[in-house]
Amino acid sequence: MIYFSLMIFLLTACSEKEATSTEILTKVEKTHDALESVYVDTEYIDHVNGSLSYNTIERYDFAHGIFLQEIEKENAFLYKGQQETRFLVDGEEMDTSQKDYDAQNFKVSYDMETERNPFKQLKQFDAHFYDHFIVAEENGVYIFTYDGEDEQKASIVKGMMWSNSIQANDLAESYEELELTDVDLGISADVDKKTNRIERFEIYMKYSPPAQFDTHLVEHTTIHRYSKYNEVSPIEKPEIGDIPSPIAEITLPAHEIEQYEKEAGQYVDALIQATVFQNVGEYVKRVPGSQSEEKKREDGAFQQMFFRAIYEENTLDNIAEAGVTKAQVRAFTDAFLDALTITKYEIENTSLQSDDTIEVTVSIQGIDNNAINEKVGKVAMAKYESGQLKEEEFVDRNLALLMEAYQSLDETMKPRDAVVQVSRSEDGTYEVLFQDQYLTTFVQQ
């Protein structure tokens, strides 16, 4: 029986074959046809005139036909909505001719379909385009390398030029009629094996265009990096005066972006457990990374003790002149930390800002520390003014009342969002340099 089962396993294993480039790209096409939105970081490198190189961030909302491109180098926005196209430079709307306006619309429409799936877009210029790739697999990623013949390369380059340029479109009724020389083409791409989504698409093109064009040689490389599939927030039309924010270079493939965003969220979750909730055990369970359990426990204990020590030190500094003892401060800290256990939080969103920086948004139901202090202060002051409390007793009594308030606290505030900046080191560990980014929402003053 064991022998029979083993034979079935071996026969099954032997019968499996590696998927062809066409089979994989057909799945990719089906996946990308269903996309609702995507974020694309594009790097354009001009090999003839380096000053023409640039980086852009593009957001595509395919479901609603909306596109927004940010070009940092030009301080420009290019927006296409359902009803209009807007082009802003230095915050001012460009006064373009109808011809230029039509050219922009023409190019944006092409870009939207290309970015949805560049493989499919190029297939229209070569019916067997999917067959002309060599495929390798590494760490759950398909790596595609184009291996077409010169004639097939020329067909692709002509097709791209004809579709992307209204001038070329006017010169010929079809891309096959364009006359180009010195043509070369290179394509490489990474596709996530699990999701069939493109992570990176890189294309090198070289050609000499027809004589009607101003330039004599075109040679450039364009690298598209995809992320935030179906997670792009609603795209708003840029207003007069808007200028793009500086573009942080993101070179990571999509699967690593997803991994780092997930781990950053896990780290903030673990850090909150160690600091706010003083729970080292939960820190060890939740913190990401390949460190040993002993190392994680050591790190969690440090965060726990450091948070408590800083609070005790600040409290003591604030009331040192009143003669309060360290024992009183420790008891007061115990009550404060006990009050924090009723707070609630949820990791809402994570977003990679650069290769080593991730923003984590946390929804927090904290305690209203200001209201507690105000209420207790009024009670203590009333006792003092009525003669029930001597001046030298005021601080001690105020501390005691605050401890009682913390110990009986059972209400939290409405949820508020806190945005936490997380840094990732080369060794795969994470760090939050400014813990006040979340602590001041747990304890609202």
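Please treat every number below as a calculation from the coordinates, not as lab data. Given the structure is predicted, the values throughout are model-derived calculations rather than measurements. Every residue, glycine as well, gets a Cβ built from its backbone with ideal geometry; the counts of neighbours run over all protein chains shown.
Here are the numbers for this structure:
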| quantity | calculated |
| --- | --- |
| Cβ-defined net charge surrounding Thr440, 13 Å radius [Lys, Arg +1; Asp, Glu -1] | -2 |
| Listed peptides 418-424, 404-410, 187-193 by packing density, highest first (mean Cβ within 10 Å) | 187-193, 418-424, 404-410 |
| Distance (nanometres) between label positions extended 7 Å along Cα→Cβ at Met413 and Asp334 | 2.8 |
| Residue-count net charge about Gly289 - beta-carbon cut-off 10 Å; Lys, Arg +1, Asp, Glu -1 | -1 |
| Per-selection Kirkwood Rh - the stretch 255-444 (Cα, Å, 1 d.p.) | 18.1 |
| Simple Cβ-charge dipole of the stretch 255-444, Lys/Arg +1 and Asp/Glu -1, about Cα centre, in debye nearest 20 | 640 |
| Farthest positive-ward along the stretch 255-444 dipole, Cα basis, beta-carbon charges - from Pro288, Leu409, Ala274 | Leu409 |
| Contour excess over end-to-end distance, with Cα ends at Ser363 and Thr341 and 0.36 nm allotted per residue | 6.4 nm |
| Overall Cα dimensions of the stretch 399-444, principal axis frame, Å, largest first | 48, 23, 13 |
| For the stretch 330-374: relative contact order, % (alpha-carbon pairs under 8 angstrom, 6 or more apart) | 34 |
